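K.L.:
Structure provided below as structure tokens; questions to follow.
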Amino acid sequence: MEKYHLYATMGAGFESVVAKELQDLGYNTQTENGRVFFEGTQADIVRTNLWLRSADRIKILLKEFKAFDFDTLYNETYDYDWALLLPVDARFPVKGRSVRSKLHSEPDVQSIVKKAIVDKLTDQYRRRGFLPESGTEYQLDVHIYKDRVRLSLDTTGQSLFKRGYRVEHGGAPLKENFAAGLIKLTPFDGSHPFIDPMTGSGTLAIEAALIAKHVAPGIWRKFAFDNFDWFDKKLHSELLEEAKDQIVVDHAPIWASDIDQSILEIAKVNAHNAGVLQDIRFKQVAVKDFATDLENGIIVANPPYGKRLKDRQAAEKIYEEMGKTLRPLTSFSQYYLTSDRQFEQFFGAKATKKRKFFNGNLRTDYYQYWANKNDYTRKKS
């Protein structure tokens, strides 16, 4: 089968997480900011779209070249055999991004690449006038960094965080792949208890349950490649059945609690949609009243950030309450995501390690309190 140059995209800071996921699936990887490169067949395109928990998209790298002027950009783009990729009626929007390059005008970059493809297809299909663009969508991307151009095709469609289970949104929930990435930075694999004491709409607990049950995160959805006319239609259904056969039943307890019963009901709907409602123990309880007889597990939480002054004071009170009730659970490794730079002060302990992320456009820190450092030597990220 034909091999493709592929890469996964992800949020800043999750490169090593996605690289580890790909390596665990058997791929050799190369990493740069925001991308992890690997090679694979159409089956690998399906497999990685199905299984990657922390990535955003899987793209095919079509061509790479240097361009310092628009003539070169046009000629190199025109030189690609676009008829192999795009049928005569294909819709092919072009997204463009340029960083630290001579061709810095992104609208012009998009326009030139689009024109070159249209001209090439018009010649290849011997068309007169406009191409219809009435058929399947093939999302193309042109990315220029330091004058190096990459042309790629998105195989995913809607971002991989769109699992398909989260119908109801409570507050400002974490994206599913962001939540999965946070869990992947812990040793959690389902063999030890997992607790989210401020679960909101349940995303962290649901993603933990999917990991524990070895459920492929893309198991419910369709992808852009499903509509490509040159793509083997049998692969998706075959690999989907293979993924379903890998689901396991037994795992350690997963607890999810929140002070707000109404948002817990939303979390339960989401868990039901994900097929893990029976795998999570939901309970209405304030963090200050939280207690557990579980031991040797993982706590992951996304407490309120308190961006405004009044909200920040309330959030910092919650951090103090977290310190009083959760910090004594010394057999648990604990992980907390917040934008409050003074979290450690209010929680009452300095983190073993901190890691910076952007939740949307908001700078956050992931405060990690390890129960036993020896347990975490395998987490090189």
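K.L.:
Only one residue in 35, 100 is closer than 20 Å to residue 159 by Cβ and touching a strand residue (DSSP E or B) at 6+ places or on another chain (Cβ under 9 Å). Which one?
P.N.:
35
K.L.:
Sticking with this structure for a sec: Restricting to the stretch 131-167, give me the number of residues that are touching a helix residue (DSSP H, G or I) at 6+ places or on another chain (Cβ under 8 Å) and either free of Cβ contacts under 8 Å to residues at least 40 places away in the same chain or polar (S, T, N, Q) (or both).
P.N.:
Qualifying residue count for the region: 5.
K.L.:
With respect to residue 100, is the statement that it is at pLDDT below 95 and of a type in the set (Lys, Arg) true?
P.N.:
yes
K.L.:
Return yes or no: is residue 18 surrounded by 15 or more Cβ atoms within 10 Å (Cβ to Cβ), of a type in the set (Val, Ile, Thr), touching a strand residue (DSSP E or B) at 6+ places or on another chain (Cβ under 9 Å) and not assigned by TED's automatic domain parsing to the domain that holds residue 184?
P.N.:
Yes; evaluated as a whole, the condition is true for this residue.
K.L.:
Continuing with this model, one more query. Those residues that are modelled with pLDDT of 95 or more, farther than 24 Å from residue 224 by Cα and not in a strand (DSSP E or B), I need them from the stretch 125-147; list them, please.
P.N.:
The answer is 146, 147.
K.L.:
While we're here: Please verify whether residue 76 is over 23 Å from residue 235 (Cβ atoms) and acidic (Asp, Glu), treating the condition exactly as stated.
P.N.:
In short, yes.
K.L.:
Also: Among the residues of the stretch 227-258 satisfying the criterion of being in contact (Cβ under 8 Å) with a residue 60 or more places away in the chain, assigned to a loop (DSSP other than H, G, I, E, B) and hydrophobic (A, V, I, L, M, F, W, C), which is nearest to residue 297 (Cα to Cα)?
P.N.:
The qualifying residue nearest to residue 297 (Cα to Cα) is 252.
K.L.:
Taking interchain pairs and intrachain pairs at least six residues apart, which have beta carbon atoms under 7 angstrom, with the first residue in the stretch 278-291 and crowded, with 19+ Cβ neighbours inside 10 Å and the second charged (D, E, K, R)?
P.N.:
Filtered contacts from the stretch 278-291: 279/213; 282/268; 287/321.
Rundown of residues vs (1) outside the structural domain of residue 48 (by TED's automatic domain parsing); (2) surrounded by 21 or more Cβ atoms within 10 Å (Cβ to Cβ); (3) not charged (D, E, K, R), yes/no style:
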| site | (1), (2), (3) |
| --- | --- |
| 210 | yes, yes, yes |
| 219 | yes, no, yes |
| 222 | yes, no, no |
| 225 | yes, yes, yes |
| 231 | yes, no, yes |
| 260 | yes, no, no |
| 265 | yes, no, no |
| 274 | yes, yes, yes |
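K.L.:
For the stretch 31-49, does any single residue satisfy the condition of being part of a loop (DSSP other than H, G, I, E, B), surrounded by fewer than 17 Cβ atoms within 10 Å (Cβ to Cβ) and of a type in the set (Ser, Thr, Tyr)?
P.N.:
yes
K.L.:
Hey, residue 73 hits all of (1) in contact with a helix residue (DSSP H, G or I) (Cβ under 7 Å, 6 or more places away or on another chain); (2) not in a helix (DSSP H, G or I) but one; which does it fall short on?
P.N.:
That leaves (2) as the condition not met.
K.L.:
If residue 166 meets every condition in (1) more than 18 Å from residue 297 (Cα to Cα); (2) crowded, with 24+ Cβ neighbours inside 10 Å; (3) within 20 Å of the chain's Cα centre (by Cα); (4) among the charged types (D, E, K, R) apart from one, which number is that one?
P.N.:
(2) is the only condition that residue 166 fails.
K.L.:
Right, here's the next one. Hey, does the stretch 58-70 have a residue that's over 28 Å from the mean Cα position of the chain (by Cα), under 17 Å from residue 139 (Cα atoms), small (Gly, Ala, Ser) and in the same structural domain as residue 133 (by TED's automatic domain parsing)?
P.N.:
No, the stretch 58-70 contains no residue that is over 28 Å from the mean Cα position of the chain (by Cα), under 17 Å from residue 139 (Cα atoms), small (Gly, Ala, Ser) and in the same structural domain as residue 133 (by TED's automatic domain parsing).
K.L.:
Hey, another quick one. Hey, could you check the stretch 228-263 for residues that are aromatic (Phe, Trp, Tyr) and touching a helix residue (DSSP H, G or I) at 6+ places or on another chain (Cβ under 8 Å) and say which is nearest to residue 318 (Cα to Cα)?
P.N.:
255
K.L.:
Within the stretch 130-154, count every residue that is over 21 Å from the mean Cα position of the chain (by Cα), of a type in the set (S, T, N, Q) and crowded, with 22+ Cβ neighbours inside 10 Å.
P.N.:
0
K.L.:
In addition: From the list 55, 12, 8, which one is more than 23 Å from residue 240 (Cα to Cα) and outside any helix (DSSP H, G or I)?
P.N.:
The unique qualifying residue is 12.
K.L.:
If I go through the stretch 158-196 residue by residue, how many of them are in the same structural domain as residue 368 (by TED's automatic domain parsing), under 11 Å from residue 217 (Cβ atoms) and either β-branched (Val, Ile, Thr) or modelled with pLDDT under 95 (or both)?
P.N.:
0
The values are calculated or read from the model by the stated rules, or taken from the named source; none is laboratory data. Bear in mind that the values here come from a model prediction, so they are computed numbers and not experimental data. Heads up, the Cβs are rebuilt from the backbone with ideal geometry, glycines too, and the neighbour counts pull from every protein chain shown.
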